[in-house]
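Note sheet for the following structure.
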Amino acid sequence: MADVVQFRLEGMLDELDDLEQRGLFSRREIAEIVKQRRKFEYRLKRPCPLKQDYVAYIDYETHLDSLRRLRKKAVSRELKKQGNKKMRKSVSDFACVKRILYIYRLAVSRYKGDIDLWFRYLEFCRAQKNGRMKKVLAQLIRFHPKVPGVWIYAAAWEFDHDTNVDAARSLMLSGLRVCPTSEDLWVEYLRMELTYLNKLKARKVALGEDEGSLVRENKAAEDKQWREENKDLFMSIGEDREDNDGSVGETESKNKLDLFREKGSNILETIYNGAIEALPSSFSLRKRVLEILEAMDLAHSEELHSKILQDIKRDFGTEPQYWDWLARLRYNPDDVQGMSDKKKNSRIEKAVQVYEEGLEHVPSSAMFSLYVEFLMNVITSVKGEQSSGLSSCTMNTTSRLLMVYEKALTSGHITDDLACQYVSFYFQLGKLDEARKLAKRLCSGKLSNSVKLWVLRVSTEIKSILKDSPSPSKDDLKSIFELTKEVLRDFSVSESGSLWLTVLKFFANQSHYFDQLVEISLFALAKSGGSEDGFSLSSAIVDFILQKDGIQRTREVYKKFLRLPHPGLAIYRTCIQLESNLASAGDKNGLASARKLFESALATYGQDVSLWQEYYIMESKVGSSETAAAIRWRARKTLKDATALATSSDL
């Protein structure tokens with residue numbers, strides 16, 4: 001290994017001497033360069049060099065070459081001021097690039113399956129305009145023929161940089177034979193063919209043999225209208241003669257333009273037919289082809305557009321995404337900015353008609369969800385544009401949205417999310433009574449098992465009570481408690497966490513009802529075996545009691561939770577944190593209680609490294625060095641995972 005590294009370093013002598021003779025680097029800097037290169041060379045000669053070793057070496061050489069170029073420019077400027085000739089290129093100008101290419105070759109030879117590394121290699125060759133580009137592309141295609149991006153990159157390089165259209169087309173067709181189900185390949189092939197046709201058209205225009213372009217421009221119609229309105233400004237002296245000749249030339253130009261437009265139309269239709277044959281279930285492919293068609297000015301564009309739309313409706317007419325896409329074509333918020341309310345309403349009505357037709361063909365929850373999302377986006381965009389008040393557009397869309405919600409409910413296609421959105425929308429409109437009645441109606445139907453809906457119902461009831469008076473009456477408190485009591489018993493604790501927090505917060509200052517909620521929570525936790533996945537109800541209750549009743553009452557309550565079968569680690573940590581804070585404040589009972597809690601927790605969770613760490617830290621802070629050392633010794637004897645001990649700095 002050492003001999004190979006030394007041989008490699010000796011091969012750098014000419015480059016290093018040249019750098020020193022030109023004054024680009026000092027002797028000390030060159031010694032540092034040799035030191036770094038020796039370190040990298042030894043890494044590459046290991047039995048199993050890592051990818052990071054190659055990348056780090058390449059990055060170092062890249063930065064070194066950038067520094068060399070900057071210093072060379074500075075030296076050249078100084079020589080130019082002194083009247084000397086420009087510096088000639090020498091071995092140091094090519095050595096870094098040659099070495100980076102060599103490292104890349106080694107890297108891709110070892111990590112042939114790393115696509116990112118191959119593309120970094122290609123980008124470097126392209127940036128340096130190196131002649132190895134074609135060879136590297138051929139190797140990449142040989143190793144990764146199933147990656148569509150490889151064929152696209154190779155064809156794009158041939159088309160853009162090497163200006164070899166035949167080679168680019170051949171690569172694209174080869175890629176489509178190997179990867180016929182790649183949507184990107186089909187779309188990029190279509191773009192390439194139309195781009196090439198447009199280049200041929202542009203060449204004719206540059207030679208004065210043709211006019212116009214295949215790319216559709218938004219300003220073209222406006223310019224044409226302005227020229228027609230001011231055609232007197234363009235009249236020449238020999239108008240009569242040029243009328244005859246001009247009409248002939250205009251006809252020839254139009255025929256030539258039609259030839260290119262016809263050719264482009266044939267290309268698009270051929271590639272589109274091949275694409276949908278290979279990918280009959282790809283909806284996004286047809287959308288992308290349609291976008292390309294709309295951006296180009298081709299012959300029979302309307303017929304092609306209608307054909308593609310008919311094919312999409314035939315193949316995807318039973319999918320909600322098709323109707324959503326079709327409706328959003330009718331109304332796009334970005335295209336209607338600055339329009340009058342009348343025009344906006346007209347476009348919205350067209351989109352609504354599409355959604356209504358979609359509901360007739362695909363009556364499903366997904367269709368209703370997309371419909372609702374569209375109307376909500378319309379309301380949001382319109383509200384963002386108007387300064388004050390509600391426009392007719394917003395009012396119409398709001399009433400339409402309420403009708404859609406109600407239709408989803410009556411047809412049986414409403415989901416938990418739609419129901420919650422329905423209630424929340426009434427909240428946004430400020431109609432609290434309607435929201436309350438609706439929540440009650442939904443919770444008594446088939447969505448009675450929805451926790452999110454029950455949270456909304458309880459929230460609406462609470463807001464309705466607090467709206468009239470900040471302090472609820474006894475009857476109001478009893479009605480809320482009776483409403484939530486059975487629900488809290490029926491739902492699991494992990495599902496009803498948000499509902500528990502809402503109720504606990506409401507009854508925090510009502511001791512009678514809060515104590516009953518504590519009993520209900522004990523029953524619910526015992527029913528679930530004491531486990532608390534995700535949300536820790538017992539910890540939340542302990543925090544509430546600590547804030548309102550003090551430490552003694554808190555200790556009484558958390559001991560009840562700890563007597564349950566298999567209490568969760570979260571409640572242990574909450575109680576330990578509480579007692580540890582008291583011990584830090586000088587409470588001896590707090591330290592004793594914390595130790596008991598730690599011992600009880602370790603009896604169940606003895607393999608939890610973080611728990612041992614917390615125990616050790618507490619003893620180090622408020623205990624003694626002997627007890628901390630004892631905890632450390634016990635942890636090392638108890639824990640089975642030796643790696644966890646090795647990575648833990650607190651034990």
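So here's what we get for this one:
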item: Under-21-angstrom lysine pairs by C-alpha in region 1-111, whenever the two are 8 or more apart or on separate chains; result: 21
item: Region 272-407 - Rg and Dmax from Cα coordinates, angstrom; result: 16.7, 53
item: Relative contact order computed over region 1-111 (Cα-Cα under 8 Å; 6+ residues apart), in percent; result: 34 percent
item: Amide hydrogen neighbours beyond the local backbone of Met296, cut-off 5 Å, H modeled; result: Arg216
item: Region 1-111, Rg to Rh (Cα coordinates; Rh as Kirkwood inverse mean 1/r); result: 1.03
item: 25 Å Cα-Cα threshold exceeded, pairs from Lys548/Lys588; Lys559/Lys637; Lys463/Lys548; Lys474/Lys505; Lys478/Lys548; result: Lys559/Lys637
item: Under-19-angstrom lysine pairs by C-alpha in region 312-461, whenever the two are 8 or more apart or on separate chains; result: 13
item: Under 16 Å from the Cα of Lys560 - lysines, other chains or at least 8 residues apart; result: Lys527, Lys596
item: Under Karplus coefficients 6.51, -1.76 and 1.60, residue-wise ³J(HN,Hα) of region 438-447 in Hz, glycine/proline x; result: 5, 4, 5, 5, 5, 6, 8, x, 6, 9
item: Region 139-187: radius of gyration over Cα atoms, expressed as a fraction of 2.2 N^0.38 Å; result: 1.03
item: Charge dipole (debye, nearest 20) of the chain; +1 at Cβ of Lys and Arg, -1 at Cβ of Asp and Glu; result: 3380 debye
item: Estimated translational D of the chain in µm²/s (Stokes, Kirkwood radius over Cα pairs; 20 °C; 1.002 mPa s); result: 63 µm²/s
item: Ranking of Leu453, Leu44, Leu171 by count of other Cβ atoms within 10 Å, fewest first; result: Leu44, Leu453, Leu171
item: Size descriptor, Kirkwood hydrodynamic radius, that averages inverse alpha-carbon separations across region 411-524, Å; result: 14.6 Å
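Read the figures in this text as sums done on the coordinates, not as results from a lab. Note that the structure is a prediction, hence the values are computed from the model and not measured. Note: ideal-geometry Cβ built from the backbone for every residue, glycine included; neighbour counts use all protein chains shown.
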